[in-house]
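Peer 1: Just dropping this structure here.
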Amino acid sequence: MKVIAVSNYKGGCAKTTTSVNLAYNLAAEEDKRVLLIDVDPQGNASYILWRYNPNADTLRSLYENSRRTIKNLIRRSKYKNLDIVPSMAELEQVNRESEVRGLDYNLLRRQIDSLTDRYDYVVIDCQPTMQFLTMSALYAADLVIMPFKAAGFSINGLELMRDYLEDTAQQRAYSGDLNYACLLTMFNGSRKSLDRITELIEQDAYTIFDTLISFSTVCENAEDKKVRKPLLKHRRNSKVATDYLELTREILTEMGD
């Protein structure tokens, strides 16, 4: 079982789009058993893959009741091979109380490890902050995908993200390697964007996925409340759907599958 967290310090970089489509592609196209854990209190991934239920049990109960386990929180998504631990706004309470209550950053990984016989991949959709829930996801991950936009993107933001990841790798209880790589999203094909990518590679030595995710209004349409579908279900032949399928296969290769 591999654990992939999708995280970035900035919002609006296709983090949830990446989480949803990676999880769906692994399940539907690659026949993997997949669990998506939504740790973003906005619950956008849950809204796309599941039926919305404001009273759903979230990870909050895991941190409030020692007898609860992650197995109690898993729900079936709308798609074969793909389950979900949903999120709702109430999950933000965990972030607010984490320091006062001394919550354990390593708890999520321990709970995930109890699922090794049920899933091949766990994908965690993070919120665009470095609060407790996001840090717990980083503590749990084997691979962190950092989506970013070349246009208007800040190198300082990625440097900060890298600092968090390097600290996490040293402090977490889980002994596995923590790998991370940048994913260029919303790419418009401009020379300026390519120059920014080249600058990033040469000056800061970040690992960047070979796959580039194209800019497309198809993503916004697929996530509309009247549609709410992964890209391959909404517009299979679109360029952006193909890009995410290529990314999925690149990740499988990188992770030895």
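The values are calculated or read from the model by the stated rules, or taken from the named source; none is laboratory data. What you see is a predicted model, and the numbers here were worked out from it, not measured in a lab. Here Cβ is always computed from backbone atoms with ideal geometry, including for glycine, and neighbour counts include all displayed protein chains. When the accessible area is computed, the model is the full protein with side chains, heavy atoms only, and any ligands, DNA or RNA have been set aside. Shrake-Rupley method; radii C 1.70, N 1.55, O 1.52, S 1.80 Å.
Peer 1: Can you name the residue in segment 216-251 that is farther than 19 Å from Thr185 by Cβ and of a type outside the set (Val, Ile, Thr) and, of all such residues, is surrounded by the fewest Cβ atoms within 10 Å (Cβ to Cβ)?
Peer 2: Lys226
Peer 1: Now, a different point. Being in a helix (DSSP H, G or I), closer than 27 Å to Arg162 by Cα, open to solvent by 70 Å² or more (accessible area, probe 1.4 Å) and in contact (Cβ under 8 Å) with a residue 40 or more places away in the chain, is that true of even one residue in segment 201-215?
Peer 2: Looking through segment 201-215, at least one residue is in a helix (DSSP H, G or I), closer than 27 Å to Arg162 by Cα, open to solvent by 70 Å² or more (accessible area, probe 1.4 Å) and in contact (Cβ under 8 Å) with a residue 40 or more places away in the chain.
Peer 1: If you go through segment 20-34 one residue at a time, do you hit one that is in a strand (DSSP E or B) and crowded, with 20+ Cβ neighbours inside 10 Å?
Peer 2: Within segment 20-34 (the criterion being in a strand (DSSP E or B) and crowded, with 20+ Cβ neighbours inside 10 Å), the answer is yes, since at least one residue qualifies.
Peer 1: A further question on this structure: Look through Ile197, Ile201, Ile208 and report the one residue that is among the hydrophobic types (A, V, I, L, M, F, W, C) and under 21 Å from the mean Cα position of the chain (by Cα).
Peer 2: Being among the hydrophobic types (A, V, I, L, M, F, W, C) and under 21 Å from the mean Cα position of the chain (by Cα) holds for just one of Ile197, Ile201, Ile208, which is Ile208.
Peer 1: Next question. For segment 35-46, which residues satisfy the criterion of being open to solvent by 10 Å² or more (accessible area, probe 1.4 Å) and either in contact with a strand residue (DSSP E or B) (Cβ under 8 Å, 6 or more places away or on another chain) or in a helix (DSSP H, G or I) (or both)?
Peer 2: Matches in segment 35-46: Asn44 only.
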